[in-house]
Amino acid sequence: MLALARAEAVRLVRHPIALVGLALTVFMLAGPQPGRSAVAFDSLTTATTFMYGVFVFFAANLLTTRDRRAGAEQMLAAAATRAFERVLAMCLAALGPTLLAAMVVGIAAWAYDARDFLVVAPSFWQLAQGPVTVLGAALLGIMVARWAPYPGAPVLVMVAVVAWNVYVNDSESSRPVGMFTSWAVWEDDNGGWGGMEPGSPGWHVVYLVGLCAMAAVGALSSAARPRLPLLVAGAGLTVATVLAGSAALP
């Protein structure tokens, strides 16, 4: 099963859609940055979410539905691995783009510090939110593929996710419960540094990890027999994630 997970991770990282998202992320991070500004801070902490994460979501969804789209699901019934193991392997494969995103953020953080782009260095938690959202994007793509493997479903889900982020980011009091969270305050349209948004970056990352775990449980429950243990785990994770989100709020 681990061998299958490694193979799926390679497929996910090398998927053309994921590669496009990675290229756009690197372009955004490596492009000209206004020195010592909120723009540079936001690029470093949110580029992997806004660019790579969105593309990984669609890549993971397409990989998970490839057998259904190819009409090969009946052939897989005779395979040595069970459906639950195949879904678990896909969920583990989500770690592939996550680790790649963490590497990109780490290199960019070192480069930004060396070139003096940052008024304030992001905390570990502010840097971690990007790779964690990439993990969540992949797991959400897998979950949607398992429960709604229909054309247009992933687009509708992504529109809902974007709408939720637009809604919560409209107010500083609810910003930490968004997946795309900007912590830097823009003093002007040019990205002048205006300080930090209120809230807890640490609890925000815990909240994101909870969402990741919920997506993984949701995906696995589509193939689990019996489902009750996973449903109970999902209920517990939902409560924990709500509490973490509440703790992240100012």
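Residue by residue through region 99-134, note down the ones that are open to solvent by less than 20 Å² (accessible area, probe 1.4 Å) and of a type in the set (Val, Ile, Thr).
105, 133, 134
Which residue pairs have Cβ atoms under 9 Å apart, sit 6 or more places apart or on different chains, and have a first residue in region 162-190 that is within 18 Å of residue 212 (Cα to Cα) and touching a residue at least 12 places away in the same chain (Cβ under 8 Å) and a second that is in a helix (DSSP H, G or I) and of a type in the set (Lys, Arg)?
These pairs meet every condition: 181/175.
Residue 204 versus (1) within 18 Å of residue 90 (Cβ to Cβ); (2) open to solvent by less than 60 Å² (accessible area, probe 1.4 Å): which is the lone unmet condition?
For residue 204, the failing item is (1).
Restricting to region 214-225, what's the tally of residues that are open to solvent by 30 Å² or more (accessible area, probe 1.4 Å) and either under 28 Å from residue 184 (Cβ atoms) or not charged (D, E, K, R) (or both)? Lay out the reasoning, then the answer.
We begin by selecting, within region 214-225, every residue open to solvent by 30 Å² or more (accessible area, probe 1.4 Å); these are 214, 225.
Imposing the further condition that a residue be either under 28 Å from residue 184 (Cβ atoms) or not charged (D, E, K, R) (or both) reduces the set to 214.
Residues that pass the stated criteria total 1.
Touching a Lys or Arg at 6+ places or on another chain (Cβ under 6 Å), without any contact (Cβ under 8 Å) to a residue 24 or more places away in the chain and not aliphatic (A, V, I, L, M), is that true of residue 221? Steps first, answer last, please.
Working: touching a Lys or Arg at 6+ places or on another chain (Cβ under 6 Å): yes; without any contact (Cβ under 8 Å) to a residue 24 or more places away in the chain: yes; not aliphatic (A, V, I, L, M): yes.
Yes.
Can you tell me which residue within region 26-69, out of those that are farther than 18 Å from residue 16 by Cα and open to solvent by 40 Å² or more (accessible area, probe 1.4 Å), is modelled with the lowest pLDDT?
Step by step, filter region 26-69, then rank; the result is 68.
Collect the residues in region 154-173 that are within 19 Å of residue 221 (Cα to Cα) and over 17 Å from the mean Cα position of the chain (by Cα), keeping them in residue-number order.
Residues satisfying the conditions do not exist here.
Could you run through region 174-187 and say how many residues are more than 28 Å from residue 220 (Cβ to Cβ) and touching a Pro at 6+ places or on another chain (Cβ under 8 Å)?
Adding up the residues that qualify gives 1.
How many residues does region 182-201 contain that are within 22 Å of residue 124 (Cα to Cα) and of a type outside the set (Gly, Ala, Ser)?
Number of matching residues: 8.
Each row is one residue, and each column tells you yes or no for (1) surrounded by fewer than 20 Cβ atoms within 10 Å (Cβ to Cβ); (2) at pLDDT 95 or above; (3) more than 20 Å from residue 53 (Cα to Cα); (4) not hydrophobic (A, V, I, L, M, F, W, C).
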position	(1), (2), (3), (4)
200	yes, yes, yes, yes
209	yes, yes, no, no
212	no, yes, no, no
227	yes, no, yes, yes
240	yes, yes, yes, no
243	yes, yes, yes, no
247	yes, yes, yes, no
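Only one of 173, 182 is over 30 Å from residue 64 (Cα atoms), open to solvent by 50 Å² or more (accessible area, probe 1.4 Å) and of a type in the set (Gly, Ala, Ser); which?
173
Given the structure, is residue 246 polar (S, T, N, Q) and either within 20 Å of residue 135 (Cβ to Cβ) or under 17 Å from the mean Cα position of the chain (by Cα) (or both)?
For residue 246, the condition - polar (S, T, N, Q) and either within 20 Å of residue 135 (Cβ to Cβ) or under 17 Å from the mean Cα position of the chain (by Cα) (or both) - is not met.
Working only within region 137-178, note down all residues that are among the small types (Gly, Ala, Ser) and within 25 Å of residue 224 (Cα to Cα).
137, 138, 141, 145, 148, 153
Criterion first (open to solvent by 30 Å² or more (accessible area, probe 1.4 Å) and closer than 21 Å to residue 122 by Cβ) does residue 7 satisfy it?
no
When you scan region 135-142, do you find a residue that is more than 19 Å from residue 216 (Cα to Cα), in contact with a Phe, Trp or Tyr (Cβ under 9 Å, 6 or more places away or on another chain), in contact (Cβ under 8 Å) with a residue 12 or more places away in the chain and open to solvent by 20 Å² or more (accessible area, probe 1.4 Å), even just one?
no
The values are calculated or read from the model by the stated rules, or taken from the named source; none is laboratory data. Treat the numbers as computed from the prediction; the structure is a model and nothing was measured. Neighbour counts are summed over all protein chains in view; Cβ atoms, including those assigned to glycine, are modelled from backbone coordinates with ideal geometry. Just the protein is used for accessible areas: all its heavy atoms, side chains included, with ligands, DNA and RNA removed. Shrake-Rupley method; radii C 1.70, N 1.55, O 1.52, S 1.80 Å.
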